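Structure first, then comments.
Read-outs: derived from the displayed coordinates by stated rules, not from any lab. Because the structure is a prediction, the values reported are computed rather than measured. Cβ: placed from backbone, ideal geometry, glycine included. Neighbour counts: every protein chain shown.
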Amino acid sequence: MAIWRLFSDLELRDAKQSKFKSLHDCFTRELRPGARPLCMDPRVLVSPCDAIVGAMGHITDGTVLQAKGQPYRLQELLADPELVAYYANGWYVTLRLTAGMYHRFHAPADCRVERVTYLSGDTWNVNAAALRRVERLFCRNERATLRCRLIPSGQWVTLVPIAAILVASLRLHFLDLRLHLDYDGPQVIPCDHELKKGEEMGWFEHGSTIIVFAPAAMSFCDTVIEGQRIRMGQPLFHLHASQGEGRRASRQPI
């Protein structure tokens, strides 16, 4: 771990425990209580994880960007025509976890997970260089689509955890199985699990990426800027009072 710290941004002051049985135990560490204050405004969706904000913006004609000049089709990523139609004119943000970051992810709001779709695939590295070089990388890697219905608004927000090199495994607290490369995909797993804002959803076995999709009735919070760090619990999207407001293309302050 001392050597690991020389090559990463490993920070353990906020970890629940100070000693670990293995590097894997450290990768999947829990946080000490209160380490990530939540924005409790019911109109605000918070970041589900610690991350660096990557490509973000408006979904146009069913296409989003993994990096500048590297588009991909939403249908190829999600494999769900219903969600693709729902997020027409909506928003997306890419949250990239580095090796030293906290690797668990949490509910961005009070919600109910209605469906998990697992898609088997590769485990390409998801660092910035790979995203510029490998076309449609997110669509090629192993991933899961978590369809969540917000409480009480009823809108959908979707989280897509994406595996990467050394990360061919994903754990979800509300499913009694381990999602990994031995499963063929896509596999649709019906679900009906309610979560409170900030409640832990699951974890990666190492570091990777989560892409968050939000409908047009929301907008980015002003603090969300590409290239900057964000922590779990900090504001991510703002839910407007009406769908008419949410369709404005400009960013709205919280």
(request) Restricting attention to the chain, give the cysteines that have no other cysteine Cβ less than 4.7 angstrom from their Cβ. (result) Cys26, Cys39, Cys49, Cys139, Cys191, Cys221
(request) May I have the convex hull volume per residue, in Å³, for the Cα set of region 35-246? (result) 109
(message) Can you tell me which of Ser120, Ser18, Ser208 moves the most in a GNM of the chain? Springs connect C-alpha atoms under 10 Å apart.
(response) Ser18
(request) Just subtract the alpha-carbon distance of Met1 and Gln70 from 0.36 nm times their residue separation and send over the number in nm, one decimal. (result) 21.3 nm
(request) Could you size up the charge dipole of the chain around its Cα centre, putting +1 on the beta carbon of Lys and Arg and -1 on that of Asp and Glu, and report it in debye to the nearest 20? (result) 620
(request) Can you find, among Leu172, Met40, Pro81, the residue farthest towards the positive end of the dipole of region 35-246? Put +1 on the C-beta of Lys and Arg, -1 on that of Asp and Glu. (result) Met40
(message) Along the Cα→Cβ direction, 7 angstrom out, place labels at Leu38 and Arg149. What is the inter-label distance in nm?
(response) 2.1
(message) If I build a Gaussian network model for the chain, linking alpha-carbon pairs within less than 10 angstrom, which residue out of Ile230, Ile59, Ile189 has the largest mean-square fluctuation?
(response) Ile189
(request) Could you state the orientation-averaged shadow area of the convex hull built on the Cα atoms of region 1-65, in nm² to one decimal? (result) 7.1
(message) Given points 7 Å out from each Cα along the Cα-Cβ axis, report the Asp25 to His173 separation in nanometres with one decimal.
(response) 2.2
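Using alpha-carbon pairs under 8 Å, 6+ residues apart, how would you state the relative contact order of region 9-143 in percent?
Worked out over region 9-143, it gives 29 percent.
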(request) Using Cα pairs closer than 8 Å and at least 6 residues apart in sequence, work out the relative contact order for the chain, in percent. (result) 27
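Computed FRET efficiency, Cβ-Cβ of Lys196 and Gln17, R0 25 Å: what is it to the nearest 0.05? Before the final figure, lay out the partial values.
Values: r = 24 Å, r/R0 = 0.95.
My answer for the efficiency is 0.60.
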(request) Starting from the Cα-Cα distance between Asn89 and Ile225, subtract it from 0.36 nm times their residue separation and give me the gain in nm to one decimal. (result) 47.0 nm
(message) Cut-off 10 angstrom, C-alpha nodes, Gaussian network model of the chain. Which of Val134, Val44, Val53 fluctuates the most?
(response) Val134
(request) Filter the trypsin sites (Lys or Arg not before Pro) in region 1-89 to those in DSSP coil with at most 12 other Cβ atoms within 10 Å of their Cβ, and list the result. (result) Arg13, Lys16, Lys19, Lys21, Lys68
(request) Within the set of other residues whose C-beta is less than 15 Å from the C-beta of Glu135, count the net charge using Lys and Arg as +1 and Asp and Glu as -1. (result) +4
(message) For q values of 0.21, 0.24, 0.31 Å⁻¹, compute log₁₀ I(q)/I(0) with the Debye formula on a Cα-only model of region 97-136, without solvent.
(response) -0.99, -1.01, -1.05
